[in-house]
Amino acid sequence: MEESRIERADDRIPNTSQVNYTYIVKCSDETLYTGWTNNLEKRLRAHNSGKGAKYTKNRRPVELVYFEEYDTKQEAMKREYAIKQLPREKKLALIRCCQSIF
């Protein structure tokens, strides 16, 4: 009985090796799409195969232009929301300031 309690407690420990991302892709029509994921490569493949967001499905191919890393899903989702509230020009400024990493 004691052992199962320990196992359950261990199950609640967050996986600190898991990285979460907030990202911006540029679509083929020059629009920007912002999202979050815990697997950036897989998510980009999904967007480019038409299995990602509805928004990007008919705007392929998409190109990764910006990303940030977070420890938790909640942080990444909060940042995604904040970026989505920005006007296009501010998103472009954010992308430009960090473009040297691409």
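The table for this structure:
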| quantity | calculated |
| --- | --- |
| Answer from CYS27, CYS98 - the residue that is touching a strand residue (DSSP E or B) at 6+ places or on another chain (Cβ under 9 Å) and buried (at least 17 other Cβ atoms within 10 Å of the Cβ) | CYS27 |
| From the options THR72, THR56, residue that is touching a Pro at 6+ places or on another chain (Cβ under 8 Å) and of a type outside the set (A, V, I, L, M) | THR72 |
| Complete set of residues in region 20-52 that are of a type in the set (D, E, K, R) and either within 14 Å of ILE95 (Cα to Cα) or in contact with an Asp or Glu (Cβ under 7 Å, 6 or more places away or on another chain) (or both) | LYS26, GLU30 |
| Enumeration of residues in region 46-84 that are closer than 21 Å to CYS97 by Cα, among the aliphatic types (A, V, I, L, M) and either surrounded by fewer than 17 Cβ atoms within 10 Å (Cβ to Cβ) or at pLDDT below 95 (or both) | LEU64, ALA82 |
| Strands (runs of 3 or more DSSP E) contained entirely in region 16-102, each with at least 3 residues that are of a type in the set (Ser, Thr, Tyr) | 20-26, 32-37 |
| Meets criteria (modelled with pLDDT of 95 or more and within 17 Å of the chain's Cα centre (by Cα)) for LYS90 | no |
| Residue within region 66-81 that is in contact with a helix residue (DSSP H, G or I) (Cβ under 8 Å, 6 or more places away or on another chain), under 17 Å from GLU30 (Cα atoms) and aromatic (Phe, Trp, Tyr) present | yes |
| Number of positions in region 57-78 that are touching a strand residue (DSSP E or B) at 6+ places or on another chain (Cβ under 7 Å) and either over 14 Å from VAL19 (Cβ atoms) or among the hydrophobic types (A, V, I, L, M, F, W, C) (or both) | 8 |
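The values are calculated or read from the model by the stated rules, or taken from the named source; none is laboratory data. This is a predicted model, so every value here is computed, not measured. Every residue, glycine as well, gets a Cβ built from its backbone with ideal geometry; the counts of neighbours run over all protein chains shown.
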